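The values are calculated or read from the model by the stated rules, or taken from the named source; none is laboratory data. No experiment lies behind these values; they were computed from the predicted model shown. Methodologically, a virtual Cβ is constructed for each residue, glycine included, from the backbone with ideal geometry; neighbour enumeration extends over all protein chains shown.
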Amino acid sequence: MMLAVQLAALAGDSDDAGEGTAQALALLDGFDDALLHGLARLADEHADAVAALAAAFASSPLGDRLAEAADAVVSGSITQEHLTALAGGRVALSGAVHDALLGGFDAALGRERAEWPSAPGGPADGGSATGGPASGGPASGGPARGGSASGDGAQPVGNVLGGVRSWLRELAITGWRGVDHDLVSAADQIIEALLAVPALRRLAVLLDGFAAELRACSPIGSAEHLPVRRWADLWTRALLLSHDGVLTGEPRHAATVSGRLLVLGVDVHEHGTAVQFQVHAVLEPHGGGRSRLVRTSVTVAKVDTIAGPALWKLPQRHKVLLAALADRRGLDITDMPLLDGGDLVWHDDRALVSKPADPFATARLVLPGALAPAAPPLDRVPVRIAEPVLVEGYKVTEDGSFDLGGAVIAVDTERLPDCGPLTPKLVAASSACVGLVRWDGGRWILQPLAVQAKVKRETTMVAIGDWALGPTDPKAAKAEARAADAVTVLRERAGRLLRR
C-alpha cells in the first residue's frame, strides 16, 4: 500500500513537471518543428527556435560550437559538423529533462540510483545492450574505424557511416513535410551495408525502423498528425550513433557478475524486421552485496509475416532464458558481463535455471532495496524511462486507468504484445500489477508486464513471458503451429542460400 501512495503522489505531479522542465520541452518543441518543415526553408519562427536551442547552452562548454552551428544553419550553410553539434545540443537538453523526471520518480519512490562513472571508458555508449538482429549483447568489436566491413566486397565502415550521415543530413534539410518515397528509398542500400557489419547492426535496426515509419506516411505533405518528437528523437540518435568511433571503437568496459537473477517481467519491442525481448530483473550477487536492478536483452531478425506467439520461435538459442520466463524460475548466472547502464550482456551458456521465483514476491521483497542503474548518456531521453514497479490496492476506472487512492495513473495496454497471454481484459480485472512506469505524452503511465487477476473465480498470475516456450491456450497454440511452419520454411530457405 505504501508504494501505491508513493505512485499516487508521482501521478499527481504529472501535470506539474517543473518550470525548468517545461521551458526545456518548449525549446525541444521549437527545434523539432524546424525539423518538421526542413532546415533549408527556415521561417522566422523556426530560425528563432534554432537560435534559442543554441542560446540555452551559452554559458556551457557547448556554447560557442552551438552558436556557430545555429548561425550557419540559419544563414543556409548546413554542414555535417553543424548538424552534429545541434544534435548534441538537442540530446543534452533532452537529457536534462530526463534527469529531472527520473530524479522526481526516485524521490517519490525512495529509489536509490547509481552514479554514472565519470572516468572515460571508451567511446560514448550507444544505448542499451541490444546488439544486432542476431546478437544477445552490445554491438562491440567489429572492424576498427575506417576498416573494412565484414563480407566480400563490403564497403569500408567509414564509407557506410558517411552514407548514414549524408542521408540524415538530406532528411534535415528537406524536413518531414518534404519526405517522399525516393528520399526514403535512398536509405535501403545504406541499411543493407550496415547489416553486413555486426558492430553496426544496432544502428541498422534503428535506421530501418525509422525509414519504415517515414515510408508508411509518405508522401507526408500536409498530414495533420505526425510523431514529430519521436522522429526528431530517432534522427538525433541515429546521427550521433553514426559518428566515427561511437559504435566501431573499443567497447566499453564491462564488469563480470555472478549471482541469482530474479525476473520481474519481459518487455517486447517489435517492428517489421527485428524483435527484442528485454527482461527486467533483480540481481542478487553471490557472496553478499547489494541487490541490483538490471536488464538483459536478446534481439533477433525477422520478417513482418512472423508475429504473435511465433516470435518466441526466433530466439531459440537462448533456451535457458526462455525456460526461466515460461516456468517463472530464477536463474543462476556466472561471469556475466554487466555494463554501467545496468545491462547484462546475455550468454545463455553462463546461466542455469534455478528455483521457482514469483515475480510478485520479488517485487514486494527484493525490488524496494535494489540499487537502480544510471542511464547511459545517449539513453537520457524522457521516452526511454522504463522503471519496474509493483502496484497494489488500486481500483480500475472506466477508462482502464488505475485509481491509486487520490490520484490516477494511466495504464498503457496498447503496448501489450500479441505474443503473450496478457490482455487488456485481464489488466482491467487485475488486483495487482508488476509493470514499467514510463513518461510519455507529458504524463506518467504504467505499462503492465504481469498481473494478478481473477479468472473463473480464482486469482491467477498472468505474465507476458508465460508463452516463451509456446502458448498454453489451445486457440493460440493452433495459430502458433501454423506460423511456426512459416518460420521453419524461411529458415530452410535461408540455409539453402547460405550453402550456395
Practice task
Could you look through segment 390-407, keep only residues that are closer than 23 Å to T362 by Cα and outside any loop (DSSP other than H, G, I, E, B), and pick out the one that is farthest from the chain's Cα centre (by Cα)?
Solution key: K395
Completion exercise
Note: among V451, V462, V437, just one is farther than 24 Å from A323 by Cβ, modelled with pLDDT of 90 or more, β-branched (V, I, T) and buried (at least 18 other Cβ atoms within 10 Å of the Cβ), namely V437
Practice task
Being in contact with a Gly (Cβ under 9 Å, 6 or more places away or on another chain), part of a helix (DSSP H, G or I) and surrounded by fewer than 23 Cβ atoms within 10 Å (Cβ to Cβ) is the filter here, so list the residues in segment 343-362 that pass it.
Solution key: D348
Completion exercise
Note on K319: of the conditions (1) buried (at least 18 other Cβ atoms within 10 Å of the Cβ); (2) at pLDDT 95 or above, unmet is (1)
Exercise for the section: Inspect segment 223-236 for any residue being under 23 Å from T84 (Cβ atoms), small (G, A, S), out of contact with any Gly (no Cβ under 8 Å at 6 or more places or on another chain) and free of Cβ contacts under 8 Å to residues at least 24 places away in the same chain and give the result as yes or no. Expected result: no
Practice task
Looking for whichever is modelled with pLDDT under 95, in contact with a His (Cβ under 9 Å, 6 or more places away or on another chain) and either outside any helix (DSSP H, G or I) or crowded, with 21+ Cβ neighbours inside 10 Å (or both) here; the options are D332, D340. Which one fits?
Solution key: D340
Practice task
Kindly indicate the residue of segment 19-37 that is surrounded by fewer than 15 Cβ atoms within 10 Å (Cβ to Cβ) and not acidic (D, E) and also modelled with the lowest pLDDT among those meeting that condition.
Solution key: G20
Handout entry: Residue among A8, A107, A40 that is at pLDDT below 95, surrounded by fewer than 17 Cβ atoms within 10 Å (Cβ to Cβ) and closer than 30 Å to G405 by Cβ
Key = A107
Completion exercise
Filtering segment 363-389 for residues that are over 24 Å from A428 (Cβ atoms), part of a helix (DSSP H, G or I) and of a type in the set (D, E, K, R) leaves a count of 2
Practice task
State whether one or more residues within segment 386-397 are in contact with a Leu (Cβ under 6 Å, 6 or more places away or on another chain) and within 18 Å of G103 (Cα to Cα).
Solution key: yes
